[in-house]
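One structure is given here, and the rest of the page talks about it.
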Amino acid sequence: NNLKPLTSASASFQACQSEKHLGQFYTLPSAHFRPLFPHGLPYRYQQQVKTFNEACFMVRPPALEVISYLKKADYSKPALRYLFYGVKGSGKTMSLCHAVHFCYTQGWVVLHIPDAHLWVKNCKELLPSSYNSARFDQPLQATTWLRNFRTTNEHLLSQIKTKRRYVWTKRESTDEGRPLGELVNQGISRVKSSSDVVGALMKDLRLQSSQPGADFRLVVAVDGVNALWGRSTIKKENKSVDLEELTLIHNLKKLMKNDWTGGAIITTLSQTGSLYTPKSAYLPQELLGETGFDSMDPFIPVSVPNYSEKEFESAYLYYLDRKWLQHPQSRTEDGKKELSFLSSKNPSMLDRICGFL
Amino acid sequence: MAASCVRTVGSFLGKCGNCSSSLNTVTSQLSRQVLSRQICVSTALKKNLAAGGPEKFTVEFIQKQVEEFDIGKRHLANMMGEDPENFTQEDIDRSIAYLFPSGLFEKKARPLMKHPEEIFPKQRAVQWGADGRPFHFLFYTGKQSYYSLMHKLYSKILNIEKHQDRMRAKGLFSQDTKEISLDTSRWLTKEELEVLLVETISSNNYDRFIQLMERLLSMPYCNMEEEFVLHYRRPLEARSKKQMVPVPERDDKGVAFSTSDGRRKTSNSSVVLRDCGSGRITVNGQEYLHYFPVLQDREQLMFPLQFMGLLGRFDLQCTVSGGGRSSQAGALRLAISRALLSFLSEGEQETMRQAGLLTPDPRVRERKKPGQEGARRKFTWKKR
């Protein structure tokens, strides 16, 4: 049986992360799952979690590699940037979530943006920013994100204090030394200024983790980072909005620069949500574009391939074990070969095919 | 073409193949009579034209056509700059297709230049002389060539029996003489026999003929008449055209691979099947998952390999062009099955054939007809 039930102690979790366990599944304790991933997991995977009543990750080389770097990295140096790239459906988001979970168990502050593409398209409301009148705010997206952020980092928000004084309107302000939780609540309750809250939060966390005496580390996890340097489809009075004019994007780009220490930046590329990119593009250079590549440079690219033989077999056995494959022929050797051929060992394809078997 | 208005004259003059000069005066009288008749009765002539049957060509006419054909052939060879002496029929066809390019789909409607023998149907010359007496003794049976053939056949049978008696008398009679090999040929069909005899025969007659032939063949010593019998048999084409199995070659690393093509509905594909051991597939240089995002297409590709149980063994390198998504998948499937043949045994090839993997799908897009909206769909019917 290749499933290892995991206790909430981070020590045994650590034991699972070595290379011996490549290809095996480990279960996430539900205590971790609810706060960590209110957002950020692929939709199909969320449905699978609901069906199976448990969240299982497969230990795969890309995620393991990043985790080992995270363990060995020197956090007095500027933050390292990791970039997961691969073909569609090869498991980039899942690897990202795996790494994020690792950081969470280490007690880091998790700044997880589920999909940067969601911030550049389908925006219902666009307000001119209160802070800088040239820019535009996206209150809805900002509030949802703040809510999720609060769920994830609840236990840490009360401990970290703000370093500066922020003035929102004539009457409202947040003083120095207040817990971050208050800042976040402020953003959630005052929808109009939520994007500015996001910006302030990011700046604060960045400054604080850079300080040598900081007692926490920051991990910035962005899915679909190529949205930051692509194009947007948001239209303001029939004129398409430039990316620089969006507050959220602007602040996020500032975060992406590696001028702060004491943390790591883990990102993935995503072609599925991206705008105006060809379907066959999956390499960093193609998806990030020139500007994106230059700003992300230097970074550590980690390729996420399709399943290897061993991993495929492990996934297949997992589905069998969970009684997901009902068709009698899927249990035979030939059935396994068929599945491997048809899905071409792509994780998402396999998931889709097994969905109706 | 034969000048139809002078048909009646020509029929008299031309059909008398063996007219001697002494009959000239008679013919000239007759012709004068016919000519006079022709001027008077013009409406009757029209009716006669219709009832006469297919056009009749005189022997001289045919000869003239043959001469014209030969001269034309030499001219054509000169035009194409080739040797007039060795200008074969294939060269003629090629040159005509080059000089008169035709966009018509029906091959029979295109311009052609063939020997008059092939163009004009064979017709019988007039069977009776000037005095009205027929040449052949069986003329009044109606089917003279058929009955003469039957008589000839029967006389051959009698000959063979006489030969048998002689051999028996000498004591050299033996049952196992050399038999005529009949496996690779078939009897003439009724239509072919009619063409050979230049007259119509009924199906009863045809059956009788075949029975007599069989009787001839059942006797020993029938190899005496082998040549005669074989004249009335046609070679059978290879009945089940054996599938051309592509030869597996070995490339530099010693890996056996075979190439084959497939076609379906304007898609053409070519597949190189390598016996590596991995199950990697490349289509037009792209990943197979990327080129065929739809499961159905991938299932089509998988079918030949899965049917034989050889899924993970081969490496495929495919190129495909034309058509749409589904037809490209079908073309690739055919190409894969063909390439797979060389790695299979006879029995397995037979199972593949029976599964329908090796049959090229003949369905092509049907043409739109005028007066209809599509190939089958008619315009909306309005009552008024």
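Structure data summary
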| item | result |
| --- | --- |
| Cross-link pairs beyond the 21 Å C-alpha cut-off, checked among A:LYS92/A:LYS236; A:LYS88/B:LYS265; A:LYS88/A:LYS257; A:LYS161/A:LYS192; A:LYS121/A:LYS192; A:LYS72/A:LYS253 | A:LYS92/A:LYS236; A:LYS88/B:LYS265; A:LYS88/A:LYS257; A:LYS161/A:LYS192; A:LYS72/A:LYS253 |
| Whole-Hz ³J(HN,Hα) from phi, Karplus 6.51 cos²θ - 1.76 cosθ + 1.60, for the range A:176-193, glycine and proline x | 6, x, 7, x, 4, x, 5, 4, 5, 4, 4, x, 6, 6, 9, 5, 5, 9 |
| Nearby lysines by direct alpha-carbon distance to B:LYS64 (threshold 20 angstrom, same-chain neighbours under 8 apart not counted) | B:LYS15, B:LYS56, B:LYS73, B:LYS114, B:LYS122 |
| Cβ-based exposure ranking for A:HIS39, A:HIS155, A:HIS101, B:HIS136, in which fewest neighbours within 10 Å come first | A:HIS155, B:HIS136, A:HIS39, A:HIS101 |
| Projected-area mean, the range A:219-357, by convex hull of Cα positions, square nanometres | 11.7 nm² |
| ³J(HN,Hα) computed for each position of the range B:284-296 - Karplus, 6.51 cos²θ - 1.76 cosθ + 1.60, integer Hz, glycine/proline x | 6, x, 9, 5, 5, 5, 7, 6, 10, x, 7, 5, 4 |
| Inverse of mean 1/r across different Cα pairs in the protein assembly as shown, Kirkwood, Å | 35.6 Å |
| Label-point separation in nm, A:TYR69 to B:LEU196, each point 7 Å along Cα→Cβ | 8.7 nm |
| For A:PHE84, residues with placed amide H under 5 Å, excluding near neighbours | A:THR267, A:THR268, A:LEU269, A:VAL302 |
| Average beta-carbon neighbours from other chains, 10 Å sphere, peptide B:311-324 | 1 |
| Order by protection proxy (mean Cβ within 10 Å, highest first), peptides B:317-324, B:368-375 | B:317-324, B:368-375 |
| Using a Förster distance of 41 Å, the FRET efficiency for B:SER174-B:ASN204 (Cβ separation, nearest 0.05) | 0.65 |
| Within straight-line cross-link reach of B:LYS170, lysines at Cα separation under 26 Å, skipping those fewer than 8 residues along the same chain | B:LYS156, B:LYS162, B:LYS178 |
| Helix-only [θ]222 nm of chain A, DSSP H runs n ≥ 4, -39500 (n - 2.57) each, per residue, nearest 500 | -12500 deg cm²/dmol |
| Principal-axis tilt of helix A:139-152 within chain A, Cα atoms, nearest 10 degrees | 60 degrees |
| Degrees separating the helix A:247-256 axis from the principal Cα axis of chain A, which is the longest one | 70 degrees |
| Degrees between helix A:194-210 axis and first principal axis of chain A (Cα, 0 to 90, nearest 10) | 80 degrees |
| Alpha-carbon Debye profile of the range B:236-384, log10 I(q)/I(0) at 0.11 Å⁻¹ | -0.49 |
| Hz values of 3J(HN,Hα) by residue in the range B:74-88 - Karplus curve (6.51, -1.76, 1.60), Gly and Pro given as x | 5, 4, 4, 4, 4, 4, 7, x, 10, 6, x, 5, 9, 9, 8 |
| Candidate lysines - alpha carbon under 28 Å from B:LYS383, same-chain residues fewer than 8 apart omitted | B:LYS368, B:LYS369 |
| Fewest-first ranking of B:SER267, B:SER155, using other Cβ atoms within 10 Å as the exposure measure | B:SER155, B:SER267 |
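Read the figures in this text as sums done on the coordinates, not as results from a lab. Small disclaimer: the values here were computed from a predicted structure and weren't measured. Here the Cβ is made from the backbone with ideal geometry for all residues, glycine too, and neighbour counts use every protein chain on show.
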